[in-house]
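Asker: Have a look at this one before I ask anything.
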Amino acid sequence: MVTNFHELYQLYAQDVYRFAYWLCGDAQDAEDITSETFVRALTASGEIKSETVKGYLLTIARNLAYKGSNRAKRYVPLSREMLSHQPGPHDLVEQSMSLQAAMRFIQTLPEADRTALVLRLQNELSYEEIASILNISLAAAKVKVHRARLKLTEYMRGQEES
């Protein structure tokens, strides 16, 4: 007859581990099942008779392996389509810093170029409306917006490289 838990573990741990390993096919899972088996046996109500101990432990291990395999079946890896396309905190910080840098650079542009760019990008005005507001020709409005965009693009590329 088994007298204490340590003796119980020494006698049956290898058998339970091998059985669990054959059921689940993974060493780490088999170790977890073995540990949980003995925890459940230790905390079980009532006395375990020596003649049925091995069968009792293997039954616990089988049930744990079965529960584990059912749990594993419920987990499905996410496909690329299911992953969130929302930017993470790191991306948001980078975007914010990039936006702040762009805004500082825009402030360094000549006033007419800055105004034309902001009217076009932020207010989405047509070139005709920009020309009217700045009291310049349509061609001049297009040139100012184009040059301001080029300068901003060049500045942002320089920021990315450094």
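Please treat every number below as a calculation from the coordinates, not as lab data. Because the structure is predicted, anything quoted here is derived from the model rather than measured. Positions of Cβ are generated from backbone atoms using ideal geometry, with glycine treated the same way; all protein chains shown enter the neighbour counts.
Asker: Straight-line reach from Lys144: which aspartates and glutamates have Cα under 17 Å away, leaving out those fewer than 8 places along the same chain?
Answerer: Partners found: Glu111, Asp113, Glu124, Glu128, Glu129, Glu154.
Asker: Hey, can you rank 56-64, 88-96, 129-137 by average C-beta count inside 10 Å, highest first?
Answerer: My ranking of the peptides, most packed first, is 56-64, 129-137, 88-96.
Asker: Residue by residue through region 19-30, which ³J(HN,Hα) values in whole Hz follow from phi under the Karplus form 6.51 cos²θ - 1.76 cosθ + 1.60 (θ = phi - 60°), with glycine and proline marked x?
Answerer: 4, 5, 5, 5, 6, 9, x, 9, 4, 5, 5, 5
Asker: Separate question: Give the aspartates and glutamates reachable from Lys54 as a straight Cα distance under 13 Å; neighbours fewer than 8 places away on the same chain don't count.
Answerer: Glu7, Asp15
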